[in-house]
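Q: The following block contains the structure, expressed as structure tokens.
The values are calculated or read from the model by the stated rules, or taken from the named source; none is laboratory data. Fair warning: this is a prediction, and the values are worked out from it, not measured in the lab. With ideal geometry, Cβ positions are generated from the backbone for all residues, glycine too; neighbour counts draw on all protein chains shown. All accessible areas refer to the heavy atoms of the entire protein, side chains included, with ligands and DNA or RNA removed. Shrake-Rupley method; radii C 1.70, N 1.55, O 1.52, S 1.80 Å.
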Amino acid sequence: MAVKNLPREELFRLGSGGCPGCPSTLALRIALKALGKDTVFVIPACCAVVGLGSYPKTAFDVPVLSIAFEAAAVGASGVVAGLRRQGKMDTNVVVWAGDGGTYDIGLQSLSGAVERGTDFIYICYNNEMYSNTGIQRSGATPYGAWTTTTWTGKAEQKKDMPAILRAHGIPYMATAVASYPEDLFNKVRKAMSIRGSKYIEILSPCPPGWRFPMEKMVELGRLAVDTGAWALYEYENGQLNFNLKSKSILEKKVEPKPIEEYLQLQGRFAHLFKPKRNEEALQQIQAQSDANWERFRKQVECGVA
Ligand code: SF4
């Protein structure tokens, strides 16, 4: 669906407390256009509650259950059970959580809900850190990135959360970025059409946390895809399917841009370029990205996800 054809109705209203240029606000608007009114959100501690609004002030035009950091997926399981018991079989129950609440604090709750086959859509907007509590590192923070708890750059690689979800045998999972709104919209619609657990992870370049000017947010999301730092794909019926530019990169029809182009736009990686280039770290980041793509190619070739 082309952007101009997305539904005009806004279920996420003006006046939220999110930062200007917030990627998760944009992603929420798009997701809500796909989900429609018959939706209940369950939101743990994250910017969506702190910044974007929950009771008694809210920008959401659908019900929101605000819940403890670790409890989103189990809370959603209860909401699903209650709604289905009332015969409301088609109401969308959606968890909207950051990467801190997904990769780290809420992981056991999410794992349990997916193992039980809970009929919900879990959406992780991944800004690769704990942004609402002061930009601390999370399990999603990439190697080399500055945060307030990794002053000289994170020394560890990030977790591969989508792979952990696939290992649960989840019926549907997808990755997205708000810079490609039609792709995000279509993936949410696809998730709505499938019974059982669905997981969508949206890369969310966050201006204050990643230290870049807010007007570059959409550009940075596209550059993440163009450099191969972020892959757009879906996992359905045990198959991986790549989308848009990521499909061309996977099939080696286009070369990804050097990952440096993506890093250079972000102040959180500035220490890798000044006062002098850290060649070793830069090469390691590029090599890790190349290795990820080789792994994807092997997984697609062998039908192993
Ligand atoms: S800190 Fe980042 S993710 Fe949170 S509201 Fe601001 S821009 Fe959005």
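Q: Might you check whether a residue that is open to solvent by less than 30 Å² (accessible area, probe 1.4 Å), part of a helix (DSSP H, G or I) and modelled with pLDDT of 95 or more occurs anywhere in the stretch 236-249?
A: Yes: the stretch 236-249 contains one or more residues that are open to solvent by less than 30 Å² (accessible area, probe 1.4 Å), part of a helix (DSSP H, G or I) and modelled with pLDDT of 95 or more.
Q: List, please: which pairs have Cβ atoms under 7 Å, are six or more places apart or on different chains, and start with a residue in the stretch 193-220 that is open to solvent by 20 Å² or more (accessible area, probe 1.4 Å) and end with one that is within 11 Å of the ligand (Cβ to nearest atom) and not aromatic (F, W, Y)?
A: Pairs found: P208/C19; P213/P207; M214/P20; M214/G21; M214/P207; E215/G21.
Q: Also: Would it be correct to say that Q266 is among the polar types (S, T, N, Q) and open to solvent by 70 Å² or more (accessible area, probe 1.4 Å)? Give the steps one after another, and end with the answer.
A: On the way: among the polar types (S, T, N, Q): yes; open to solvent by 70 Å² or more (accessible area, probe 1.4 Å): no.
Considered against the rule, which asks whether it is among the polar types (S, T, N, Q) and open to solvent by 70 Å² or more (accessible area, probe 1.4 Å), Q266 comes out as no.
Q: Output yes when any residue across the stretch 82-97 is within 17 Å of S204 (Cβ to Cβ) and not aliphatic (A, V, I, L, M), and no when none is.
A: Quick first cut of the stretch 82-97, residues within 17 Å of S204 (Cβ to Cβ) only: 94-97.
Now drop any that are not not aliphatic (A, V, I, L, M), which leaves 96.
The answer is yes; a qualifying residue exists.
Q: Within the stretch 153-163, does at least one residue satisfy the condition of being within 29 Å of E9 (Cβ to Cβ), out of contact with any strand residue (DSSP E or B) (no Cβ under 6 Å at 6 or more places or on another chain) and not β-branched (V, I, T)?
A: Looking only at the stretch 153-163, we keep the residues that are within 29 Å of E9 (Cβ to Cβ), and these are none.
There is no residue in the stretch 153-163 that is within 29 Å of E9 (Cβ to Cβ), out of contact with any strand residue (DSSP E or B) (no Cβ under 6 Å at 6 or more places or on another chain) and not β-branched (V, I, T).
Q: Here's something else I'd like to know. Residues in the stretch 181-189: is at least one out of contact with any helix residue (DSSP H, G or I) (no Cβ under 9 Å at 6 or more places or on another chain) and open to solvent by 10 Å² or more (accessible area, probe 1.4 Å)? If you could, list the steps in order and put the result at the bottom.
A: Keep residues of the stretch 181-189 that are out of contact with any helix residue (DSSP H, G or I) (no Cβ under 9 Å at 6 or more places or on another chain), which gives none.
Checked against the condition, which is being out of contact with any helix residue (DSSP H, G or I) (no Cβ under 9 Å at 6 or more places or on another chain) and open to solvent by 10 Å² or more (accessible area, probe 1.4 Å), the stretch 181-189 yields no hits at all.
Q: If G98 meets every condition in (1) surrounded by 24 or more Cβ atoms within 10 Å (Cβ to Cβ); (2) touching a His at 6+ places or on another chain (Cβ under 7 Å) apart from one, which number is that one?
A: Going through the list (1) surrounded by 24 or more Cβ atoms within 10 Å (Cβ to Cβ); (2) touching a His at 6+ places or on another chain (Cβ under 7 Å), G98 breaks only (2).
Q: Right, next: Which condition number in (1) open to solvent by 40 Å² or more (accessible area, probe 1.4 Å); (2) more than 13 Å from the ligand (Cβ to nearest atom); (3) under 16 Å from the mean Cα position of the chain (by Cα) is the one that V74 fails?
A: Tallying (1) open to solvent by 40 Å² or more (accessible area, probe 1.4 Å); (2) more than 13 Å from the ligand (Cβ to nearest atom); (3) under 16 Å from the mean Cα position of the chain (by Cα), V74 fails exactly one: (3).
Q: Quick check on the stretch 130-152: of everything there that is on the phi > 0 side of the Ramachandran plot and surrounded by 19 or more Cβ atoms within 10 Å (Cβ to Cβ), which residue is nearest to the ligand (Cβ to nearest atom)?
A: First pass over the stretch 130-152, keeping only residues on the phi > 0 side of the Ramachandran plot: 134-135, 144.
From what's left, surrounded by 19 or more Cβ atoms within 10 Å (Cβ to Cβ): 135, 144.
Working: I135: 8, G144: 20 Å.
Out of the qualifying residues, it is I135.
Q: From the list S24, S16, exactly one residue is in contact with a strand residue (DSSP E or B) (Cβ under 8 Å, 6 or more places away or on another chain), within 15 Å of the ligand (Cβ to nearest atom), open to solvent by less than 50 Å² (accessible area, probe 1.4 Å) and part of a loop (DSSP other than H, G, I, E, B). Which is it?
A: Working: S24 fails: part of a loop (DSSP other than H, G, I, E, B).
Being in contact with a strand residue (DSSP E or B) (Cβ under 8 Å, 6 or more places away or on another chain), within 15 Å of the ligand (Cβ to nearest atom), open to solvent by less than 50 Å² (accessible area, probe 1.4 Å) and part of a loop (DSSP other than H, G, I, E, B) holds for just one of S24, S16, which is S16.
Q: Quick check: is even one residue across the stretch 38-47 in a loop (DSSP other than H, G, I, E, B), within 16 Å of the ligand (Cβ to nearest atom) and open to solvent by 10 Å² or more (accessible area, probe 1.4 Å)? Give the steps one after another, and end with the answer.
A: Initial filter on the stretch 38-47 (in a loop (DSSP other than H, G, I, E, B)): 38, 44-46.
Add one more test, that the residue is within 16 Å of the ligand (Cβ to nearest atom), and what stays is 44-46.
Restricting the remaining residues to those that are open to solvent by 10 Å² or more (accessible area, probe 1.4 Å) gives 45.
Within the stretch 38-47 (the criterion being in a loop (DSSP other than H, G, I, E, B), within 16 Å of the ligand (Cβ to nearest atom) and open to solvent by 10 Å² or more (accessible area, probe 1.4 Å)), the answer is yes, since at least one residue qualifies.
Q: I would also like to ask the following. Pick out the one residue from A113, A163 that is buried (at least 21 other Cβ atoms within 10 Å of the Cβ) and aliphatic (A, V, I, L, M).
A: Working: A163 fails: buried (at least 21 other Cβ atoms within 10 Å of the Cβ).
When all the criteria are applied, what remains is A113.
Q: For A176, indicate whether it is within 16 Å of the ligand (Cβ to nearest atom), crowded, with 19+ Cβ neighbours inside 10 Å and closer than 20 Å to A34 by Cβ. If you could, list the steps in order and put the result at the bottom.
A: Details: within 16 Å of the ligand (Cβ to nearest atom): yes; crowded, with 19+ Cβ neighbours inside 10 Å: yes; closer than 20 Å to A34 by Cβ: yes.
Yes; evaluated as a whole, the condition is true for this residue.
Q: Follow-up question, since we're still on this one. How about the stretch 247-305: which of its residues are among the small types (G, A, S) and under 24 Å from the mean Cα position of the chain (by Cα)?
A: First pass over the stretch 247-305, keeping only residues among the small types (G, A, S): 248, 267, 270, 281, 287, 289, 291, 303, 305.
Scanning the stretch 247-305 gives S248, G267, A270, A287, S289, A291, A305.
Q: I'm trying to understand the selection: among the residues of the stretch 63-94, which are in a strand (DSSP E or B) and among the small types (G, A, S)?
A: Taking the stretch 63-94 first, the residues in a strand (DSSP E or B) are 64-66, 92-94.
The one that is in a strand (DSSP E or B) and among the small types (G, A, S): S66.
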